[in-house]
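Peer 1: There's a structure below that I have some questions on.
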Amino acid sequence: MELNELYQDIILDHYKHPHNFGEGDSSFTNVELENPVCGDHIKLMVYLNDENIVKEVKFTGSGCAISMASASIMTDELKGKPLSEVQQIIEDVLGSMRGEKAAETLDEHGDLAALKGVMKFPVRVKCATLAWHAVKDAIAKSKRNT
Amino acid sequence: MSDNVLEKEISVSDVILEVKRIRNDFPILSERFSSETGTVKSLVYFDNAATTQKPRAVLDALQNYYQHQNANVHRAIHKLGERATFAYENSRKKVAQFINSRSTREIVFTRGTTEAINLVAHSWGRKFIKPGDEILLSEMEHHSNLIPWQLLAKDRGALLRFIPFSKSNGTLQMANLNHFITEKTRLISVTHMSNVFGTINPVRGLIQKAHERGIPVLLDAAQAVPHLPTDVQELDCDFLAFSGHKMCGPTGIGVLYAKEKFLEDMDPYQGGGEMISSVWLDKATWNELPHKFEAGTPNIAGAIGLGAAVDYLSDIGMEKITLYEQKLTTYALSRMQEITEMKIFGLAPFRGGVISFYMGKIHPHDMAQYLDSEGIAVRAGHHCAQPVMRKLGILATTRASFYFYNTYEEIDFFIEIVKKAREFFGYGTQ
């Protein structure tokens, strides 16, 4: 297991310069999640419009390079996509992290492929999936509210 | 610090403690990790506050027990039963001597520190703590010396109070102790040595003050007994809890020391075999001390392993261990302070070899992962002390913790890799 597989340049770039980092306005649905083991904390905000398009995804929080980079990559990947596609991507990521889907599933989703390295470090999988569980919850909550 | 001074320190310490030879006693310390690209890393084990490695003497004692002594204790008439019972009770004797208790009646084997504290909270606390009573803890307790008292306080309608610690150096603020010890204080339970800061707390003064008011004191000595010579008669603590696995012994075995009068007054902890004297269908009488608190078949192998660990530590000498670790820790702290953006939590004047730190904004899990890639094992997280982290305003720290088998060379290597990690995560070279 090589450290560079885990901390690929894409991961380190997103960690040092996260995308879509910041608070959303009142039109967003918010979910906060914590990983009690390491204290990572994320606030995930989504704006799902009337046409069921995930128009905006933003986040704030603090955590390790893996959790923050995963969140940043996720916001890029999900923003602007229709709900059904977003849900498919979420299932692909969570499924492959759980080892239920082939790691190659992530190759179809741009920078997400960089998360494949995490699978070789089982204790870090929870770091990578924190944002994904949060966005899943936020979407479910948003749908309930509409 | 000049290199010459350093070399002198190393040679002096090596004479005090033959670390090179000692390391050969621990098979796991020669463990190597090879990666897919063929690089090989040696183990540098700096997670000793979590658990320590085991010398061959302890491994052999476990093997020998299962191969030549295995039987249940205190019951069998046959030869193996005699051997097992002798070895188990002999370990109790060794432990009693190791902490200088008056008698083996004061030594209760438990699963570990956690169970020992829970035992007191349950058996002493439920009997003697009344609604409105206060239990005084400190803010720097491990969850195992906090949650049992929270449960007890909730059950009995009692109140928990806390001696605060100073954020600047991780010491207890003892100046206002009189403010925290009140007429309602019924027990004081504090850590002898912090598993986050390494602070060695001034427990002697605390115990004296408590006793002046007739308040018993429990010491969580999970980090202290493995590293400091411990004399329960000199300390005069009423209860003392520690774990075998943090002092070269096996997991799943620990000790509750308690003064006999407390154990006599307490009700049993669990019911079952071994802890009874006579049993009828509707009532029972209790076995004598300490067996009254050891229901069921105990961890016989674990206790025998702990006995071997105690022998091993005594052969080296606890004073020597303390002295060597103090020097090693002082050296590590001075080297760590060379690094810009290095924040160390816990700079008490009296401290053991536990160093919690934060390097710039590098998350402890990333730091620990980077160190691990070079074979260095450290801990990252809240160290079972979430209230401590909260007060410090952080979520976690990286923690390096030493034992007598660690070396100056390992610390130099650790410093080199921390500097590399610093660069890797975007802080420039140093």
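Peer 1: Which order do the peptides A:41-49, B:300-308 take when ranked by the mean count of other beta-carbon atoms within 10 Å per residue, highest first? Intermediate results must be reported in sequence, preceding the final value.
Peer 2: Details: A:41-49: 21.1, B:300-308: 26.0.
Packing proxy ranking, top to bottom: B:300-308, A:41-49.
Peer 1: Same structure again: Take the Cβ-Cβ distance between B:ASP236 and A:GLU100 as r, set R0 to 56 Å, and report the resulting FRET efficiency rounded to the nearest 0.05.
Peer 2: 0.45
Peer 1: Which aspartates and glutamates have a Cα lying under 12 Å from the Cα of A:LYS101, excluding residues fewer than 8 positions away in the same chain?
Peer 2: A:GLU91, A:ASP92
Peer 1: Still on this structure, please answer the following. Sorting check: for B:281-287, B:128-134, B:345-351, B:144-150, which peptide has the highest mean count of neighbouring beta carbons within 10 Å, and how do the rest follow?
Peer 2: Descending mean neighbour count gives B:144-150, B:345-351, B:128-134, B:281-287.
Peer 1: Once you average over the residues of A:5-18, how many Cβ atoms of partner chains fall within 10 Å of each Cβ?
Peer 2: 2
Peer 1: A further question follows. Evaluated at 37 °C with a viscosity of 0.692 mPa s, what Stokes-Einstein diffusion coefficient in µm²/s does the protein assembly as shown have when Rh comes from the Kirkwood expression over alpha-carbon pairs?
Peer 2: 125 µm²/s
Peer 1: Need one word for region A:3-145: rounded, prolate or oblate. Basis is the Cα gyration tensor (sqrt eigenvalues a ≥ b ≥ c); a/c below 1.5 gives rounded, then a/b vs b/c decides.
Peer 2: Working: a/c = 1.69, a/b = 1.37, b/c = 1.23.
Verdict is prolate for region A:3-145.
Peer 1: Below 8 Å between Cα atoms, with a sequence gap of 6+, how large is the relative contact order for region B:220-286 in percent?
Peer 2: 21 percent
Peer 1: How much mean residue ellipticity at 222 nm does the protein assembly as shown get from its helices, if each DSSP H run of length 4 or more adds -39500 (n - 2.57) and you divide by all residues, to the nearest 500 deg cm²/dmol?
Peer 2: -11500 deg cm²/dmol
Peer 1: Can you tell which of A:ASN49, A:VAL31, A:LEU115 lies farthest toward the positive end of the dipole of chain A, using +1 and -1 charges on the Cβ of basic and acidic side chains (Lys, Arg; Asp, Glu)?
Peer 2: Checking the options against the dipole of chain A, the answer is A:VAL31.
Peer 1: What is the sum of charges around B:ARG56, taking Lys and Arg as +1, Asp and Glu as -1, for the other residues whose C-beta is under 15 Å from the C-beta of B:ARG56?
Peer 2: Summing Lys and Arg as +1 and Asp and Glu as -1 gives -2.
Peer 1: Let me ask something else about it. Take the cross-link list A:LYS16/A:LYS120; B:LYS93/B:LYS259; A:LYS43/B:LYS343 and give me the ones stretching past 20 Å between alpha-carbons.
Peer 2: A:LYS16/A:LYS120; A:LYS43/B:LYS343
Peer 1: Which whole number gives the average count of other chain Cβ atoms within 10 Å of the Cβ atoms across peptide A:115-125?
Peer 2: Mean shielding by partner chains, rounded to a whole number: 1.
Peer 1: If r is the Cβ-Cβ distance from A:ASN145 to B:LYS79 and R0 is 60 Å, what FRET efficiency results, to the nearest 0.05? Intermediate results must be reported in sequence, preceding the final value.
Peer 2: On the way: r = 74 Å, r/R0 = 1.24.
Given R0 = 60 Å and the Cβ-Cβ separation, E is 0.20.
Peer 1: How tilted is helix B:203-212 with respect to the longest principal axis of chain B? Cα atoms for both, answer in degrees (0 to 90, nearest 10).
Peer 2: Rounded to the nearest ten degrees, it is 30.
Peer 1: For chain A, take the longest principal axis of its alpha carbons; what is the angle in degrees between that and the long axis of helix A:125-145, to the nearest 10 within 0 to 90?
Peer 2: With both axes taken from Cα atoms, the answer is about 10 degrees.
Peer 1: If you average the sequence gap of Cα pairs under 8 Å that are 6 or more apart and divide by the length of region A:3-145, what percent do you get for the contact order?
Peer 2: 30 percent
Peer 1: Just check region A:57-120 against the gyration tensor rule for me: Cα atoms, a ≥ b ≥ c as the square roots of the eigenvalues, rounded for a/c under 1.5, and otherwise prolate or oblate depending on whether a/b exceeds b/c. Before the final figure, lay out each step's value.
Peer 2: Details: a/c = 1.86, a/b = 1.07, b/c = 1.74.
Because a/c hits 1.5 or more and a/b fails to exceed b/c, region A:57-120 counts as oblate.
Peer 1: To continue, here is another question. Would chain B count as rounded, prolate or oblate if I go by the C-alpha gyration tensor, calling it rounded below 1.5 in a/c and otherwise prolate when a/b exceeds b/c, oblate otherwise?
Peer 2: oblate
Peer 1: May I ask for the angle, rounded to the nearest 10°, between helix A:83-97 and the longest principal axis of chain A, with both axes built from Cα atoms and the value confined to 0 to 90°?
Peer 2: That helix lies at roughly 20 degrees to the long axis.
Peer 1: Across the residues of A:55-68, average count of Cβ atoms on other protein chains within 10 Å?
Peer 2: 3
Peer 1: Tell me which lysines have Cα within less than 16 Å of B:LYS209's Cα, excluding those fewer than 8 residues away on the same chain?
Peer 2: B:LYS184
Peer 1: Another question, if that's okay. In debye, nearest 20, what is the charge dipole magnitude of region A:3-145 about its Cα centre with +1 on Lys and Arg Cβ and -1 on Asp and Glu Cβ, if you could check?
Peer 2: The calculated dipole for region A:3-145 is roughly 380 debye.
Peer 1: Run the paramagnetic zone check for B:GLU212: 7 angstrom along Cα to Cβ, then residues of region B:145-180 with backbone nitrogen under 12 Å.
Peer 2: Under cut-off, by backbone N: B:177-179.
Peer 1: Alpha carbon centre of region B:167-214 versus region A:24-69: separation in Å?
Peer 2: 42 Å
Peer 1: What residues of region B:240-256 lie in the reach of a label at B:ARG23, counting those whose backbone N is under 20 Å from a point 7 Å from the Cα along Cα→Cβ?
Peer 2: B:248
Peer 1: Under 8 Å for C-alpha pairs, at least 6 residues apart: give me the relative contact order for chain B, rounded to a whole percent. Each step should come with its number before you reach the end.
Peer 2: Details: 806 pairs, mean separation 93.2, N = 430.
Reported as a whole number, the value is 22 percent.
Peer 1: Based on the mean of other Cβ atoms within 10 Å per residue, sort peptides B:91-97, B:352-358, B:413-419, A:22-28 so the most packed one is first. Walk me through the intermediate numbers first.
Peer 2: On the way: B:91-97: 20.3, B:352-358: 24.7, B:413-419: 18.7, A:22-28: 11.7.
So the peptides B:91-97, B:352-358, B:413-419, A:22-28, ranked by packing, come out B:352-358, B:91-97, B:413-419, A:22-28.
Peer 1: Grab the other residues whose beta carbon is less than 15 angstrom from that of B:ILE28, score K and R as +1, D and E as -1, and report the net.
Peer 2: Residues close to B:ILE28 contribute a combined charge of 0.
Each value in this text was obtained by applying a stated rule to the coordinates, not by laboratory testing. In this text, all values refer to a predicted model and were calculated from it rather than measured experimentally. All Cβ positions, even for glycine, are placed from backbone atoms using ideal geometry, and neighbour counts span all protein chains on display.
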